[in-house]
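The values are calculated or read from the model by the stated rules, or taken from the named source; none is laboratory data. Every value quoted in this text rests on a predicted model; they were computed, and no experiment measured them. Neighbour counts run over all protein chains shown; Cβ positions are idealised from the backbone, glycine included. Quick note on the areas: whole protein, heavy atoms, side chains included, nothing else; ligands and nucleic acids left out. Shrake-Rupley method; radii C 1.70, N 1.55, O 1.52, S 1.80 Å.
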Amino acid sequence: MPGLSEMKHPVKIANLKKSYGKVKALNGISLEIAQGEIFGFLGPNGAGKSTTMNILLGLLQPTSGSSSILGENSSELSPEIRRKIGVVFEYNNLYRDLTGRENLEFYASLYQVESRRIEELLELLSLTEAADRKVAAYSKGMKQRLLLLRALLADPEILILDEPTGGLDPQSVEIIHQTIEDYRSANRTVFLASHFMAEVDRLCSRIAFLNQGEIVTIASPDFLKKYYGQQSIAVKLESMSEEQAEDCRLELRGILSAEISIDINKNNNIIEIIIPLEHAELGSWIDRIRKDFPVSEIHSREASLHQVFISLAEEQEGPVLNV
Ligand code: ADP
Ligand code: MG
């Protein structure tokens, strides 16, 4: 039986290193995931997310370091623990020539899952209508929903999801996000690899930002935004003609220093000026703009995770993530 401390942290990773020949994929990463959290693993392609997950699942041997899942060492997982882990891998491993339902029935027979559960989950993931079509005819979004459904069949205690929404239509993304949130609400745990900020921002209680095989930071999305992100003030001008807007922009450029962004919305020619809250000239610039330009709105803007990762990646001089 796993001890209490393991039950509180269903995932523990300690100083994991992995080299593929000369390529250092993981350079000593450590993290613990608490029961009941959606933990985001965010990093650009090649950061080492899949390598970490494959080691955690016992599918790959680390060069050094250790990891455990649901209290068992990754390299010696028992069948009982395995069935408590739901996984969506990076590459889909469905039987293309079988229907969606047949794929699920095959899997369900391995785990003695009742057929009623299949029907419920098909409904939940909006796949009931497509269930009797061959997987070969599914869209990417449908395949990913089917994979998540399959991972949920045996009612696992933890979900390991490797970039489950990459390249999907917005509707599928929404269904997948909703399903992950519902799953977690029963105090179950999710380990989610992603390279989408909006996704981890919405879903995760904490994020580890991985870059070139190293964890740059682990924190909540809100903490990251406060600590690394830049709050700013947005000033909007009234709508004007395209020509006037262009004149205004030139005039503003003469006042504001070069790093301040001045955007013109192409649809309504509304100019938006973004000035960092800490900028020494903030007060005098705003006074000046108010006096000489038709200001319609001034409000403060939250930092975005996107900004955070740009500044983190710059600190590390590594690749920057996609938004
Ligand atoms: P991510 O999932 O974050 O995109 P990966 O874990 O797939 O990153 O890859 C991490 C690094 O390890 C990359 O540099 C990748 O090229 C390398 N890598 C991954 N798998 C292999 C392999 N089987 N053989 C050699 N190099 C690999
Ligand atoms: Mg990957």
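May I ask which residue of Ile175, Gly28, Ser284 lies farthest towards the positive end of the charge dipole of the chain, with charges of +1 (Lys, Arg) and -1 (Asp, Glu) on Cβ and the Cα centre as origin?
Result: Gly28.
Averaged per residue, what accessible area in Å² does region 86-230 show with a 1.4 Å probe, protein chains only?
Working: 6760 Å² over 145 residues.
Ligands and nucleic acids excluded, the figure is 47 Å² per residue.
Can you find, among Ala131, Ile260, Ile233, the residue farthest towards the positive end of the dipole of the chain? Put +1 on the C-beta of Lys and Arg, -1 on that of Asp and Glu.
About the Cα centre, the residue reaching furthest to the positive side is Ala131.
Divide by every residue of the chain the summed helix terms, -39500 (n - 2.57) for each DSSP H run of at least 4, and state the resulting mean residue ellipticity at 222 nm, rounded to the nearest 500 deg cm²/dmol. Provide the component values of the computation, followed by the final result.
Details: 12 runs with 119 residues, N = 323.
Helix contribution divided over all residues of the chain: -11000 deg cm²/dmol.
Tally up the carbon and sulfur contribution to the accessible surface of the chain as a whole percent, 1.4 Å probe, everything protein left in place. Numbers along the way, then the final one.
Numbers: 7840 of 16350 Å².
Heavy-atom surface of the chain belonging to carbon and sulfur, 1.4 Å probe: 48 percent.
From a point 7 Å beyond the Cα of Ile255 in the direction of its Cβ, which residues of region 265-303 have a backbone N at a distance under 14 Å?
The answer is 271-275, 281-298, whose backbone nitrogens lie closer than 14 Å to the label point.
Can you check how the C-alpha radius of gyration of region 183-250 compares to 2.2 N^0.38 Å, as a plain ratio? Please report the intermediate quantities before stating the final value.
On the way: Rg = 19.5 Å, N = 68, 2.2 N^0.38 = 10.9 Å.
Its radius of gyration relative to the 2.2 N^0.38 Å reference: 1.79.
Using 0.36 nm per residue of separation minus the Cα-Cα distance, give me the extension gain between Ala137 and Asn15 in nm, one decimal.
Working: separation 122, 0.36 × 122 = 43.92 nm, distance 4.30 nm.
Taking Ala137 through Asn15 to full extension adds about 39.6 nm, to one decimal.
Determine how large the accessible area of Cys248 is when every protein chain is in place; take a 1.4 Å probe and give Å² rounded to the nearest 10.
About 20 Å², rounded to the nearest 10.
If you count, for each residue, the other Cβ atoms within 10 Å and average over each peptide, how do 283-289, 85-91 line up from highest to lowest?
Going from most to least packed, we get 85-91, 283-289.
How do Glu272, Glu174 rank by accessible surface area computed with a 1.4 Å probe, from largest to smallest?
From most accessible down to least: Glu174, Glu272.
Sort largest first and round to whole Å: the equivalent ellipsoid semi-axes of the chain, each the square root of five times a Cα gyration tensor eigenvalue. Let's see the in-between values first.
Details: eigenvalues 399, 128, 54 Å².
The equivalent ellipsoid of the chain has semi-axes of 45, 25, 16 Å.
Between Ala198 and Gln244, how high is the FRET efficiency from 1/(1 + (r/R0)^6) when r is the Cβ-Cβ distance and R₀ = 51 Å? Nearest 0.05.
On the way: r = 34 Å, r/R0 = 0.68.
Efficiency for this residue pair is about 0.90.
Starting from the Cα gyration tensor of region 222-281, multiply each eigenvalue by 5, take the square root, and state the resulting semi-axes largest first in whole Å.
So the equivalent ellipsoid measures 26, 14, 7 Å along its semi-axes.
Would you mind working out the accessible area per residue for region 231-302, using a 1.4 Å probe, and quoting it in Å²? Don't skip to the answer; put the middle values down first.
Numbers: 4450 Å² over 72 residues.
Per residue, region 231-302 has an accessible area of 62 Å².
Relative contact order (percent) for the chain, with alpha-carbon contacts under 8 angstrom and 6 or more residues of separation? Working shown, then result.
Values: 582 pairs, mean separation 64.0, N = 323.
In percent, rounded to a whole number, it is 20.
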